[in-house]
Amino acid sequence: MSTLALGATTAPRLPSYALFAGMLAAAGLPLYIHAPKVYADAHGVSLAALGTALFVLRLIDVVQDPALGWLAARLSAVRGLAVSVAVSLIAGGMLGLFAVTPPIAALWWFALMLSVVFTAFSFLTICFYAEGVAAADRLPEAGHLRLARWRETGALLGICAAAVAPLALGGYAGFALAFAALAFAAWLAMAGEWQGVRVAATGFGPVLHDAVARRLLLIALVNAAPVAITSTLFLFFVESRLDAPGWEGAYLLLFFLCAAFAAPLWGALAERHGAKRMLLSAMVISVAAFGWAVTLGPGDMLAFGIICVISGAATGADMTLLPALFARRMAEVAPGAAEGFSLWAFVSKFTLALAAVAVLPTLEAGGFRAGINNDEPALRLLAMLYGGLPSLLKLGAIALLMRVDPDERRR
């Protein structure tokens, strides 16, 4: 039993973890899809300035994650209070971003509110996943898989809700108010779940010195790259390669709904057949889906819909099983887990930043231009970057995972 589990005998309320995960996930999508458009349309901020601000803020966000992990570990004894402050900040930041007329220059207000939201989001994510390591120890069997199944399904449903909320609620101010209400409900649902047990801060050494933990972090880096690349190029692929402008939202919703429905199924299969085996199966399915996407052209909308179903279902395994394997390892090598999951967050965000820096300039250098007619070589390059490169990276992740024994004894 981990150190955090001592003195905690009640089983965790799994629906509460799902709701809190949904709240965190709902915070992410609007920041990249909706916020730049709102500030460009309503406040006249240039897209170049918004893009630069987002890039700088993302770099800061990536760098600060290890520091937030250090802070979360040292606040473990008062985690409930620390989380309460962070929930207030993320709700207030979202309201300031979408529901408040900027009291200063719009670009500076945009950057300030995003900084608040990014920092609160990172801190809450680290605390939430670290708490999950202790909570899983209080479940009877396959605790990490069971908790991950609830948590990641909730996260995926939160993404789906965020995708449709601005339209359903009559605008972005309505979304911000609804998010603040959701944050309050999630905070209430998790009341009593933050155990607040003091854990000796171990730093990053135990995580980085453990061979299995290092390999899982490397797998997370390589395995996240395909999704980061396809996310970066998704709008361009649908608009230009499929010649289907206006269908982006429907495809995104289909993808995330399939991921949400598949996540609990992957969790159940993993409990029966093993997490590593099921994760490898999902990765092979992803390679097939990415490879098929390379062959698509104008008008292949039905085929791409099927690809969204297949790749979404496979992503449900990625989001559920890989974090569960890492959490299970953290329970052995670093029971506090805050530093471990700050490294996990760092790897994920670094992959997103790296994908944008790598693929967009390559696409532009190949002659592709957004929003205009492109020649066939440029469109073929887009297809290869969207489907071919992720396939190769996914094969690399498969090779790495096949060499890892998640149950290897700690040395």
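Residue-wise test of (1) at pLDDT 90 or above; (2) in the same structural domain as residue 282 (by TED's automatic domain parsing); (3) farther than 19 Å from residue 281 by Cα.
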position	(1), (2), (3)
352	no, yes, yes
359	no, yes, yes
370	no, yes, yes
376	no, yes, yes
381	yes, yes, yes
390	yes, yes, no
397	yes, yes, no
405	no, yes, no
- Exactly one of 164, 85 is more than 17 Å from residue 16 (Cα to Cα), at pLDDT below 85, among the β-branched types (Val, Ile, Thr) and part of a helix (DSSP H, G or I), and that one is 164
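To keep it simple, each residue is scored yes or no on (1) within 18 Å of residue 391 (Cα to Cα); (2) among the polar types (S, T, N, Q).
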{"site": "219", "(1), (2)": "yes, no"}
{"site": "231", "(1), (2)": "yes, yes"}
{"site": "253", "(1), (2)": "no, no"}
{"site": "268", "(1), (2)": "no, no"}
{"site": "280", "(1), (2)": "yes, no"}
{"site": "302", "(1), (2)": "no, no"}
{"site": "327", "(1), (2)": "no, no"}
- Message: For the range 376-396, check the following and say yes or no: at least one residue is outside any helix (DSSP H, G or I) and surrounded by fewer than 12 Cβ atoms within 10 Å (Cβ to Cβ).
- Response: no
- Item | Checking residue 219 against (1) closer than 16 Å to residue 405 by Cα; (2) surrounded by fewer than 22 Cβ atoms within 10 Å (Cβ to Cβ); (3) under 17 Å from the mean Cα position of the chain (by Cα), the condition it does not meet | (2)
- Query: Can you find a residue in the range 79-95 that is farther than 23 Å from residue 190 by Cβ and not hydroxyl-bearing (Ser, Thr, Tyr)?
  - Reply: no
- Just one of (1) within 20 Å of residue 69 (Cα to Cα); (2) at pLDDT 90 or above; (3) not hydroxyl-bearing (Ser, Thr, Tyr) trips up residue 294, so point out which. (1)
- Item | So residue 269, is it in the same structural domain as residue 386 (by TED's automatic domain parsing), part of a helix (DSSP H, G or I) and buried (at least 16 other Cβ atoms within 10 Å of the Cβ) | yes
- Note on the structure: Residue count, the range 93-110, condition surrounded by fewer than 18 Cβ atoms within 10 Å (Cβ to Cβ) and without any contact (Cβ under 8 Å) to a residue 60 or more places away in the chain, comes to 6
- Task: Mind telling me which of the residues 62, 116 ends up being surrounded by fewer than 22 Cβ atoms within 10 Å (Cβ to Cβ) and touching a Lys or Arg at 6+ places or on another chain (Cβ under 9 Å)?
- Result: 62
- Can you find even one residue in the range 284-296 that is more than 30 Å from residue 126 (Cα to Cα) and among the hydroxyl-bearing types (Ser, Thr, Tyr)? yes
- Task: Could you check, for the range 326-345, whether at least one of its residues is over 29 Å from residue 76 (Cβ atoms), among the small types (Gly, Ala, Ser), assigned to a helix (DSSP H, G or I) and modelled with pLDDT under 90?
- Result: no
- Query: List pairs: first in the range 244-260 and at pLDDT 85 or above, second in a helix (DSSP H, G or I) and not hydrophobic (A, V, I, L, M, F, W, C), Cβ under 6 Å, 6+ apart or cross-chain?
  - Reply: 255/312; 258/312; 259/312; 259/315; 259/316
- Note on the structure: Checked against (1) touching a residue at least 60 places away in the same chain (Cβ under 8 Å); (2) part of a helix (DSSP H, G or I), residue 45 satisfies every condition except (2)
- Of the conditions (1) surrounded by 21 or more Cβ atoms within 10 Å (Cβ to Cβ); (2) closer than 14 Å to residue 24 by Cα; (3) not charged (D, E, K, R), the single one that residue 133 does not satisfy is (2)
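The values are calculated or read from the model by the stated rules, or taken from the named source; none is laboratory data. Here the structure is a predicted model, which is why all the values come from computation and not from measurement. Here the Cβ is made from the backbone with ideal geometry for all residues, glycine too, and neighbour counts use every protein chain on show.
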